1. Quick one: D317 ticks every box in (1) free of Cβ contacts under 8 Å to residues at least 40 places away in the same chain; (2) under 18 Å from S108 (Cβ atoms) bar one, so which box is it?
2. Considering only the stretch 258-287, state which residues are more than 14 Å from T117 (Cα to Cα) and not hydrophobic (A, V, I, L, M, F, W, C).
3. Name every residue in the stretch 374-403 that is assigned to a loop (DSSP other than H, G, I, E, B), in contact with a helix residue (DSSP H, G or I) (Cβ under 9 Å, 6 or more places away or on another chain) and of a type in the set (D, E, K, R), in order of residue number.
4. Name the single residue that is farthest from G321 (Cα to Cα) among those in the stretch 84-97 being open to solvent by less than 20 Å² (accessible area, probe 1.4 Å) and β-branched (V, I, T).
5. State which residue is modelled with the lowest pLDDT when the search covers only the stretch 128-149 and only residues that are surrounded by fewer than 16 Cβ atoms within 10 Å (Cβ to Cβ) and outside any strand (DSSP E or B).
6. S203 is checked against (1) touching a residue at least 40 places away in the same chain (Cβ under 8 Å); (2) touching a Lys or Arg at 6+ places or on another chain (Cβ under 8 Å) and fails just one. What number does that condition carry?
7. Looking for something farther than 25 Å from R206 by Cα and either among the β-branched types (V, I, T) or open to solvent by less than 70 Å² (accessible area, probe 1.4 Å) (or both) - is there at least one such residue anywhere in the stretch 237-244?
8. Do we find a residue being part of a strand (DSSP E or B), surrounded by fewer than 16 Cβ atoms within 10 Å (Cβ to Cβ) and out of contact with any Phe, Trp or Tyr (no Cβ under 7 Å at 6 or more places or on another chain) anywhere in the stretch 167-176?
Amino acid sequence: MQDMTPPGERSIRNIPVSTGHHRRSTPIQPVSIEEQPMHNDEQTPPPRRRRSSRRLLWWTAGIVVVCGIAGLLLATLFEGATVSITPKSQQITSPGNIVAFPNAPTGSLSYQTITLTRSATTSAQASGTQHVSTQASGVITIYNSYSTAPQQLVATTRFEAGDGKIYRIHAAVTVPGQKKNTDGSMTPGSVVATVYADAAGDSYNRTDATTFTIPGFKNDPRYTKFSAQSQGAISGGFVGDKPAVSSTDMHNAQTTLKTQIDQGLQAAIDAQIPTGYMQVQGSLQTTYNDVVSSAGEGSNVSLSESATASVAIVSGDELAGILAKLLVSGYNGEPVTFASPNPLSLQLATSSGKTGALTILLQGNPTIVWTFDQNALKDQLLGKSKDTFQTVVHSFEPAIEKAEAHIRPFWKATFPTDADKLDIEVVDSSN
């Protein structure tokens, strides 16, 4: 269609709009400068994101430090190790009889003698007075430091106190020879005997410990090598009048006194037996001194009696070694002991007064256990790597049959350097 509008009247307002065109229904939104994309190659992150990254870094570093400190504390406070040892052991059947000597030769069983003194007092009705002349008596231990050979002392052998007073034994005794210890020192042989004053009277009574020499050995090297020591009081010496006691009352009093002494005797012996030693049953010998009388309250007489007892004992470890040598194949003299304190019954069968030898009947089936130096094992493990554990353990063969080690904390691979933090536990191999 031709536009008929005169040229002079044309303008932008008069341009006709085709009916096929429409105005935009959505207005164009203006773009702010802040929302326009940046085209700078070195973009700077927003400040908030930078602060979050720094905070995360510090938290991570703090956690690492705390964990390190905690680990150090655990390693220090709870550091330690426990080593469990199962020693070698073997059950045996006792051979029956075995002979023990007071001064045993190498390879033989030895025994020792312990002594103790007990006393008791009772009273009886006086029946007049009587003139009394009695000698003091008491118990002494005689020592032989002269040689390893036993020494026979005949009855009436004299013993001289420091003040010159003489006492005698009324029965012959054999003093065992001295014994050489593993460290090279010597232990004197000893025997217990009762001595009697050479004369009556209270001047021979002694309450203090007294050392005696043997005058018969003067001008002989044995004089300075033999001695005796009193065991308890030497008493009973008296000359004069005393309240009398009828024979019946005296007999009853003696029975009462001996009963009182015997009742507590075994308990007193048990208390004196050293740890690791065993008593030879039937070897107990008790020597009762004469009853001593003195004036009591009113018409009563005070009667007292003392007694000295001796008993043979043997070392459990020494007996275990002797039996291992006799009964265990391949035993080469390693230190051994018994799994329990008193695994055997030791009963005296016979004794020889001349040599002092005792034949002992053994009853039981004990378990022998090999022993080792726990302190030496600990010293060899301190500060060492766990990888060397079995090598160290093998150096203690054949005493150790099995060994396990547990180190704390679990991640440590070395034993502690502090001995107090390393425990050695010996497992009971008899179970």
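1. (1)
2. T259, P274, T275, G276, Y277, Q279, Q281, G282, S283
3. Correct list: K384 only.
4. I85
5. G128
6. (1)
7. no
8. Within the stretch 167-176, none of the residues are part of a strand (DSSP E or B), surrounded by fewer than 16 Cβ atoms within 10 Å (Cβ to Cβ) and out of contact with any Phe, Trp or Tyr (no Cβ under 7 Å at 6 or more places or on another chain).
The values are calculated or read from the model by the stated rules, or taken from the named source; none is laboratory data. Bear in mind that the values here come from a model prediction, so they are computed numbers and not experimental data. In this analysis, Cβ positions are derived from the backbone assuming ideal geometry, glycine residues included, and neighbour counts consider all displayed protein chains. The area values use the complete protein model at the heavy-atom level, side chains included, leaving out ligands, DNA and RNA. Shrake-Rupley method; radii C 1.70, N 1.55, O 1.52, S 1.80 Å.
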